[in-house]
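Chemist: This is the structure, below, for whatever I ask next.
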Amino acid sequence: MMTDRYEAVIGIETHVELKTETKIFCSCPTKFGAEPNTQICPICMGYPGALPSLNKKVVDYAIRAGLALNCEIARYSKHDRKNYCYPDLPKSYQISQFELPLCRNGHIEINGRRIGITRVHIEEDAGKLFHDREGKTLIDFNRCGVPLIEIVSEPDIRTPEEASEYVSDLREIMLFLGISDVKMNEGSLRADVNVSVRRPGEKAGTKTEIKNINSIRFIEKAVWFETERQINLLESGHRIISETRRFNENNDTTEPMREKETADDYRYFPDPDLPPIILNDQYIDEIKNTLPPLPSDIRKRYIKDFGFSGNLAERLTVSPDVCEAFNAAAAFLTEKKAAEVLANLLLSVYDGTSPTDPAQTAAAAELVYEGTISSATGKALICELKTGLFDIRLSVETRDLSQIRGEELKKAAVGVMNADKEAVQSVLGGKEKAVKKLIGGIMKATHGRADAAEAEKILKELIFQKE
Amino acid sequence: MTLKTISEKLAVKELSPVELVAEALDKAEKDGFGCYISTVDRDRALKSAVESEDRYISKKPLSPLDGIPFAVKDNILVSGMRMTCGSRMLEDFTAPYDASAVKRLTDAGCVVIGKTNLDEFGMGSSTENSAFFPTRNPRYPDRVPGGSSGGSAAAVSAGHVPFALGSDTGGSVRQPAAFCGICGLKPTYGSVSRYGLTGFASSLDVIGILADDPEGCSTVYDIISGKDEFDATSHDLNDAEAIPRTFAVCEELYSAADEDQRRAVDECSVILQELGFRRVSVSLSSIQYSIPAYYIISSAEASSNLARFDGIRYGKRHEEASDSTDDLVSKSRGEYLGIEVKRRTLLGCYALSAGQREDWYQKAMTARKMIAADFASAFKNCGIIIAPTAPSVPPVAGRTNIPPVEIYRSDIMTVPASLAGIPAVSIPFETQDHLPTGVQIMSSKDGDKELLSVSQKIYSMRKDS
């Protein structure tokens with residue numbers, strides 16, 4: 001119904017918290033999770049006489065984002081005051097950029113479709129409000145003054161899936177640029193989605209803004225619900241009210257937040273406390289030359305250089321540190337074909353940390369590839385490597401960790417079968433679960449030195465052979 | 001005693017910092033003219049004075065001004081001291097940090113005596129807009145001391161302290177200096193840090209100095225001027241070019257003043273010629289837009305700068321329970337801000353609002369650029385421009401029901417230099433009726449030091465000096 005008679009017109013505004021050490025206009029720390037109101041000073045608290053001083057790193061990070069999004073970087077941009085009154089905004093204005101943002105006219109590609117990026121600009125974050133049980137409002141100003149970039153897309157997005165994909169890709173880029181943790185659950189990535197529908201060829205319909213979407217998968221749901229809601233309204237002769245809506249994750253719906261009858265008048269004017277940001281080509285080139293590779297380019301390279309599948313390349317680029325660990329270790333591989341083993345090993349041990357010694361990591365991967373050790377042993381060794389450096393090949397030798405196969409494996413299998421005759425019966429009865437149990441037993445008995453696939457093969461041979 | 005004299009006597013130990021500070025404290029306590037809103041803790045001040053004396057004894061003073069007492073306008077933060085900005089909104093507010101200008105002075109050994117009275121948030125020209133009490137003019141008792149730095153001007157004029165800090169947005173240091181018979185310096189915009197000066201109009205505000213003579217202003221300026229990392233709009237004085245030996249009278253302002261003021265300007269002209277300055281003509285036709293441009297720009301910036309006063313994090317909060325933030329904030333502002341502040345912030349909001357911004361704010365900014373350009377162009381042909389500091393002698397104190405715009409118009413002499421960001425010194429003269437008047441000496445940006453030097457010469461060559 002949706003795609004036949006209506007098309008969705010979706011634009012997304014994302015706010016990304018930059019992980020600089022200090023805030024955008026003062027030297028307060030930006031660490032997440034501190035005790036309320038312990039990371040504040042007269043400047044970010046809007047005390048009389050306090051003045052902002054721009055943190056240069058914020059500009060650098062924003063330029064990185066702009067370049068990665070194919071934007072033009074403005075040689076001249078300035079700060080503007082966005083004036084409005086709200087308890088989490090100490091000065092009753094937010095220092096942002098209105099007229100002349102730092103980055104403009106960019107784009108990214110989602111599945112071959114180009115989505116325009118109108119602008120990327122820098123601004124300061126506000127504090128956080130909490131409502132306690134007695135109905136009082138408490139304000140934590142720690143977040144006030146944390147640097148943000150706001151990334152505004154053109155309304156080029158057309159489907160709920162594309163909306164999610166857009167935010168997901170954006171998130172990935174920011175992560176790989178090293179400028180943000182982009183954790184939606186911590187608020188370092190926020191997305192507001194503007195949705196309208198129209199008959200193809202007609203002019204844009206009234207749009208609504210959806211806020212409070214707390215995860216990427218909810219974006220898809222929110223957009224889906226909202227477009228359907230709008231279409232239903234139009235089909236039944238109603239009009240769309242321009243309003244701000246909240247996503248309700250309990251029932252995957254959107255509900256009105258507050259009516260946006262008249263746009264807020266922010267009385268924007270250039271902030272007289274801050275000079276304009278003036279950049280030259282040399283400065284921007286320096287940043288360009290030190291840009292880390294983007295995840296899409298990294299994936300292309302993995303597919304081309306190592307012959308990885310698209311799926312493996314995607315999984316490997318789940319985080320910059322996995323890539324880094326892989327790239328570093330891959331340089332030490334003598335056998336390129338072992339790269340896939342290396343990738344899978346690193347992914348299997350990734351828990352937020354990766355082993356730090358690339359040479360030894362590579363050695364482990366090669367030993368698994370050669371079949372000298374089982375992949376389970378490889379995984380265990382790499383985990384050990386995380387806690388301290390040691391020589392893997394030597395360790396394998398001295399601790400006798402080589403893979404158990406052939407007669408020795410058969411022996412182990414028989415031992416496990418004898419110890420658990422019930423399970424054997426279950427296997428004969430067709431129960432796959434029992435097979436897994438017995439394999440588990442073999443792995444345990446061999447201290448992980450058996451190859452799981454081979455163990456299964458021998459086990460089944462033995463069980464069904466007996467009969 | 002001038003600041004220079006005091007400094008010299010301290011250096012040879014003819015005077016003691018403890019004497020000086022104790023005397024200043026005594027005078028502050030009596031405060032016959034209502035100069036001070038609050039005074040420093042006596043023991044703390046005397047302790048600083050004793051430390052200063054020790055430094056003189058060991059021949060290691062921190063600066064030529066070590067041990068000298070001074071007053072600070074009560075919109076400039078002094079750590080640990082109350083700061084009201086002349087407003088009930090900040091009646092109970094204690095400053096959590098030192099303004100950079102204050103810190104430079106206390107690091108140089110100067111001792112803060114008290115915080116002086118002002119028109120609320122710097123808005124006014126007589127100090128009668130203070131929420132607490134008016135200040136009296138020490139030498140001309142029936143007249144207003146001027147504003148908004150009336151308290152600082154009176155403190156120096158009455159001899160309580162040899163110098164005081166004020167703030168000048170549209171004339172608030174120069175005009176009260178003239179009205180109280182002393183000197184006032186409005187430095188080049190950005191040459192003194194604004195960090196710790198409660199913002200009124202950020203693109204116009206400058207911390208200024210009041211002292212008996214230009215030389216006194218100059219010595220203090222040496223200490224407080226220069227780039228500050230906390231003020232992104234501050235800068236070091238560039239190696240300013242020497243001021244050419246030519247001067248002009250700003251005819252546009254001259255013709256708008258009373259006869260008394262013009263006579264003072266004439267006297268100043270004669271002195272400059274005696275000093276070897278050649279008189280030339282300049283045209284500053286955009287000055288006609290000064291008052292509207294100033295009041296629109298300053299009100300617009302003020303409407304934004306004062307919005308932080310909402311009673312939420314500090315300042316007075318209305319006692320009645322509110323069911324929404326908007327309600328709480330408007331009640332607090334309504335109760336604790338004065339009428340002139342409300343008038344200007346409303347005007348400022350209007351000038352910036354959608355649909356009005358182009359007609360008012362943008363036009364005012366354009367007019368400002370024209371005024372600045374006129375001055376820049378004029379200074380290509382002359383080194384100094386002089387004009388009256390005020391259109392007439394100070395009004396009588398206690399006037400009521402004066403239409404605000406009439407009061408605004410009286411700033412005509414001082415706002416052009418503010419809009420252009422150039423330095424200006426007011427030198428006191430007296431009329432034939434022994435009433436105070438002042439002449440402004442202006443130069444192009446960053447010419448402050450030499451401007452003060454020329455001003456000192458003029459000062460010492462006045463008829464009644």
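The values are calculated or read from the model by the stated rules, or taken from the named source; none is laboratory data. Note that the coordinates shown come from a computational prediction; the quantities given were computed from them, not determined experimentally. Ideal geometry is used to build each Cβ from the backbone, glycine not excepted, and the neighbour counts take in all protein chains shown. Please note that ligands, DNA and RNA were not included when accessible areas were found on the heavy atoms of the full protein model with its side chains. Shrake-Rupley method; radii C 1.70, N 1.55, O 1.52, S 1.80 Å.
Chemist: In the range A:236-246, is there at least one residue being under 28 Å from A:GLU172 (Cα atoms), more than 14 Å from chain B (Cβ to nearest Cβ) and open to solvent by less than 70 Å² (accessible area, probe 1.4 Å)?
Modeler: Going through the range A:236-246, the residues under 28 Å from A:GLU172 (Cα atoms) turn out to be A:244-246.
Keeping just the survivors that are more than 14 Å from chain B (Cβ to nearest Cβ) gives A:244-246.
Now narrow it down to the ones that are open to solvent by less than 70 Å² (accessible area, probe 1.4 Å): A:244-245.
Checking the range A:236-246: at least one residue is under 28 Å from A:GLU172 (Cα atoms), more than 14 Å from chain B (Cβ to nearest Cβ) and open to solvent by less than 70 Å² (accessible area, probe 1.4 Å).
Chemist: Sticking with this one: Between A:GLU314, A:GLU286, which is open to solvent by 80 Å² or more (accessible area, probe 1.4 Å), in a helix (DSSP H, G or I), acidic (Asp, Glu) and touching a residue at least 12 places away in the same chain (Cβ under 8 Å)? Spell out the reasoning first.
Modeler: Numbers: A:GLU286 fails: touching a residue at least 12 places away in the same chain (Cβ under 8 Å).
Selected residue: A:GLU314, the only one of A:GLU314, A:GLU286 that is open to solvent by 80 Å² or more (accessible area, probe 1.4 Å), in a helix (DSSP H, G or I), acidic (Asp, Glu) and touching a residue at least 12 places away in the same chain (Cβ under 8 Å).
Chemist: What number of residues within the range A:346-403 satisfy the criterion of being out of contact with any Gly (no Cβ under 9 Å at 6 or more places or on another chain), open to solvent by 20 Å² or more (accessible area, probe 1.4 Å) and part of a loop (DSSP other than H, G, I, E, B)?
Modeler: Matching residues across the range A:346-403 total 15.
Chemist: May I ask you to say which residue of A:LYS411, A:LYS433, A:LYS437 is surrounded by fewer than 21 Cβ atoms within 10 Å (Cβ to Cβ), over 30 Å from A:ALA359 (Cα atoms) and over 37 Å from the mean Cα position of the chain (by Cα)?
Modeler: Working: A:LYS433 fails: over 37 Å from the mean Cα position of the chain (by Cα); A:LYS437 fails: over 37 Å from the mean Cα position of the chain (by Cα).
When all the criteria are applied, what remains is A:LYS411.
Chemist: Can you tell me which residues in the range B:194-206 are more than 9 Å from chain A (Cβ to nearest Cβ) and not in a loop (DSSP other than H, G, I, E, B)?
Modeler: B:VAL206
Chemist: Now for a separate question. So which of B:GLY170, B:GLY166, B:GLY181 is more than 14 Å from chain A (Cβ to nearest Cβ), on the phi > 0 side of the Ramachandran plot and either open to solvent by 10 Å² or more (accessible area, probe 1.4 Å) or touching a residue at least 60 places away in the same chain (Cβ under 8 Å) (or both)? Before you say what the answer is, go through the steps one by one.
Modeler: Numbers: B:GLY170 fails: on the phi > 0 side of the Ramachandran plot; B:GLY166 fails: on the phi > 0 side of the Ramachandran plot.
Just one listed residue meets the conditions, B:GLY181.
Chemist: Related question: Filter the range A:414-430 down to the residues that are of a type in the set (Gly, Ala, Ser) and surrounded by fewer than 20 Cβ atoms within 10 Å (Cβ to Cβ) and list them by number.
Modeler: Filtering the range A:414-430 down to residues of a type in the set (Gly, Ala, Ser) leaves A:415, A:419, A:423, A:426, A:429-430.
A:GLY415, A:ALA419, A:SER426, A:GLY429, A:GLY430, listed by residue number.
Chemist: B:ASP323 fails exactly one of the following numbered conditions: (1) within 11 Å of chain A (Cβ to nearest Cβ); (2) under 30 Å from A:LEU129 (Cα atoms); (3) at pLDDT below 95; (4) open to solvent by less than 70 Å² (accessible area, probe 1.4 Å). What is the number of that condition?
Modeler: Only one criterion in (1) within 11 Å of chain A (Cβ to nearest Cβ); (2) under 30 Å from A:LEU129 (Cα atoms); (3) at pLDDT below 95; (4) open to solvent by less than 70 Å² (accessible area, probe 1.4 Å) is unmet by B:ASP323, namely (4).
Chemist: Please state which one of B:PRO61, B:PRO96 is more than 24 Å from B:ILE207 (Cα to Cα) and either part of a loop (DSSP other than H, G, I, E, B) or open to solvent by 30 Å² or more (accessible area, probe 1.4 Å) (or both).
Modeler: On the way: B:PRO96 fails: more than 24 Å from B:ILE207 (Cα to Cα).
The unique qualifying residue is B:PRO61.
Chemist: Shifting gears a bit: Out of A:LEU89, A:LEU100, which single residue is under 25 Å from B:ALA302 (Cα atoms) and away from chain B (no Cβ under 14 Å)?
Modeler: Only one candidate passes the filter, namely A:LEU100.
Chemist: In the range A:376-428, what residues are under 19 Å from A:LEU438 (Cβ atoms) and in contact (Cβ under 8 Å) with a residue 60 or more places away in the chain?
Modeler: Of the range A:376-428, the ones under 19 Å from A:LEU438 (Cβ atoms) are A:376, A:403-428.
Within the range A:376-428, just A:ALA376 meets the criteria.
Chemist: Please specify each residue of the range B:343-365 satisfying the condition of being touching a helix residue (DSSP H, G or I) at 6+ places or on another chain (Cβ under 9 Å) and either open to solvent by 70 Å² or more (accessible area, probe 1.4 Å) or among the hydrophobic types (A, V, I, L, M, F, W, C) (or both).
Modeler: The answer is B:ARG343, B:LEU346, B:LEU347, B:CYS349, B:TYR350, B:ALA351, B:LEU352, B:ASP359, B:TRP360, B:LYS363, B:ALA364, B:MET365.
Chemist: Next up: What helices (runs of 4 or more DSSP H) completely inside the range B:314-432 contain at least 3 residues that are within 19 Å of the chain's Cα centre (by Cα)? Give the steps one after another, and end with the answer.
Modeler: Working: elements: B:325-336, B:339-352, B:363-381, B:404-409, B:415-420.
Once the helices (runs of 4 or more DSSP H) in the range B:314-432 are filtered for at least 3 residues that are within 19 Å of the chain's Cα centre (by Cα), what remains is B:404-409, B:415-420.
Chemist: Filter the range A:8-24 for residues that are part of a loop (DSSP other than H, G, I, E, B) and open to solvent by 10 Å² or more (accessible area, probe 1.4 Å); which is farthest from the other protein chains (Cβ to nearest Cβ)?
Modeler: Let us first name the residues in the range A:8-24 that are part of a loop (DSSP other than H, G, I, E, B), namely A:18-21, A:23-24.
Filter once more, keeping what is open to solvent by 10 Å² or more (accessible area, probe 1.4 Å): A:19, A:21.
Numbers: A:LYS19: 23, A:GLU21: 17 Å.
Only one residue fits best here, namely A:LYS19.
Chemist: For B:GLY315, only one of the following conditions fails: (1) of a type outside the set (Ser, Thr, Tyr); (2) touching a Phe, Trp or Tyr at 6+ places or on another chain (Cβ under 8 Å); (3) at negative phi; (4) open to solvent by 10 Å² or more (accessible area, probe 1.4 Å). What is its number?
Modeler: Only one criterion is unmet by B:GLY315, namely (3).
Chemist: Identify all residues within the range B:434-465 that are assigned to a loop (DSSP other than H, G, I, E, B), more than 19 Å from the chain's Cα centre (by Cα) and touching a residue at least 24 places away in the same chain (Cβ under 8 Å); write none if there are none.
Modeler: Just the residues of the range B:434-465 that are assigned to a loop (DSSP other than H, G, I, E, B), to begin with: B:434-435, B:443-447, B:461-465.
Keeping just the survivors that are more than 19 Å from the chain's Cα centre (by Cα) gives B:434-435, B:461-465.
B:LEU435, B:MET461, B:ARG462, B:LYS463, B:ASP464 - these are the residues of the range B:434-465 that are assigned to a loop (DSSP other than H, G, I, E, B), more than 19 Å from the chain's Cα centre (by Cα) and touching a residue at least 24 places away in the same chain (Cβ under 8 Å).
Chemist: Which of the helices (runs of 4 or more DSSP H) found entirely inside the range B:211-313 contain at least 3 residues meeting this: under 24 Å from B:GLY166 (Cα atoms) and away from every other protein chain (no Cβ under 14 Å)?
Modeler: Working: elements: B:214-224, B:251-254, B:259-274, B:290-305.
Of the helices (runs of 4 or more DSSP H) lying wholly inside the range B:211-313, those with at least 3 residues that are under 24 Å from B:GLY166 (Cα atoms) and away from every other protein chain (no Cβ under 14 Å) span B:214-224, B:290-305.
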